[in-house]
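Chemist: Below you'll find the structure I mean.
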Amino acid sequence: KDRMPLTKERNAQIFEEFGGSATNTGSIEGQVAQLTERISQISAHLQQNKKDFSTHRGLMQLVGKRKSLLGYLQKHNLQGYRALIEKLGLRK
């Protein structure tokens, strides 16, 4: 299949890059980066499978979760929020 779940190595790499260390899996930045990765994978899957509505629902849930995490980050750490948005290429 075209849609691979995130591997342990890829997860560790994401948290290493965004969360400070591979074991810091609770960091908001790391979680947002991980969700962004999954969202882009699922979006690619939905490009080919337009009628896969259950996956579409899962995608909407992930987008909502990412949005709430970003809202939290924006309230509590504005510089970190802006840096993360820039790094991930969100918000046109």
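Just so it is clear, none of the values below were taken in a lab; they were calculated from the coordinates. Quantities reported herein were computed from a predicted structural model and do not represent experimental measurements. Cβ atoms come from the backbone with ideal geometry, glycine included; neighbour counts cover every protein chain shown.
Chemist: Count the lysine pairs in segment 1-91 that are 8 or more places apart or on different chains: how many have C-alpha atoms under 29 angstrom apart?
Modeler: 18
Chemist: Name the most mobile residue of SER40, SER54, SER68, meaning the one with the largest mean-square fluctuation, in a Gaussian network model of the chain with Cα contacts below 10 Å.
Modeler: Checking each option, the largest mean-square fluctuation is seen for SER54.
Chemist: Further, regarding this structure: Per 0.36 nm of contour for each residue apart, how much would the distance between ILE85 and LEU62 grow if the chain were fully extended, relative to their Cα-Cα spacing? Walk me through the numbers on the way to the answer.
Modeler: On the way: separation 23, 0.36 × 23 = 8.28 nm, distance 1.66 nm.
Roughly 6.6 nm would be gained on extension.
Chemist: I need the phi-derived Karplus couplings for segment 9-24: 6.51 cos²θ - 1.76 cosθ + 1.60, θ = phi - 60°, integer Hz, Gly and Pro marked x.
Modeler: 3J(HN,Hα) across segment 9-24, in whole Hz: 5, 5, 4, 4, 5, 4, 5, 4, 6, 9, x, x, 8, 5, 8, 7.
Chemist: Another one. Using θ = phi - 60° and the Karplus curve 6.51 cos²θ - 1.76 cosθ + 1.60, what whole-Hz ³J(HN,Hα) does each residue of segment 61-70 get, with Gly and Pro shown as x?
Modeler: 5, 5, 4, x, 5, 4, 4, 5, 5, 5
Chemist: Give a residue-ordered list of calculated ³J(HN,Hα) values for segment 72-83 (Karplus: 6.51 cos²θ - 1.76 cosθ + 1.60, θ = phi - 60°; whole Hz; x for Gly, Pro).
Modeler: Each residue's phi maps through the Karplus curve to give 4, 5, 4, 5, 9, 7, 5, 4, x, 4, 5, 5 Hz.
Chemist: OK, next. Counting pairs of alpha carbon atoms under 8 Å apart in space and at least six apart in sequence, what relative contact order in percent does the chain give? Display every interim value, and only then the final one.
Modeler: Details: 70 pairs, mean separation 19.8, N = 92.
Rounded, it is 22 percent for the chain.
Chemist: Where nothing but the Cβ of Lys and Arg (+1) and of Asp and Glu (-1) is charged, how large is the charge dipole of the chain around its Cα centre, in debye to the nearest 20? Write out the running numbers ahead of the final one.
Modeler: Values: 16 positive and 8 negative charges, 97 e Å.
With Lys and Arg at +1 and Asp and Glu at -1, about 460 debye.
Chemist: For Rg and Dmax of the Cα atoms in Å, the choices are [x] 13.7, 40; [y] 14.4, 41; [z] 16.8, 52; which was calculated from the structure?
Modeler: Only one listed value fits the structure, namely [x].
Chemist: Then there is this: Of TYR81, GLY26, GLY64, which is farthest towards the positive pole of the chain's charge dipole, taken about the Cα centre with +1 and -1 on the beta-carbons of Lys, Arg and Asp, Glu respectively?
Modeler: It is GLY64.
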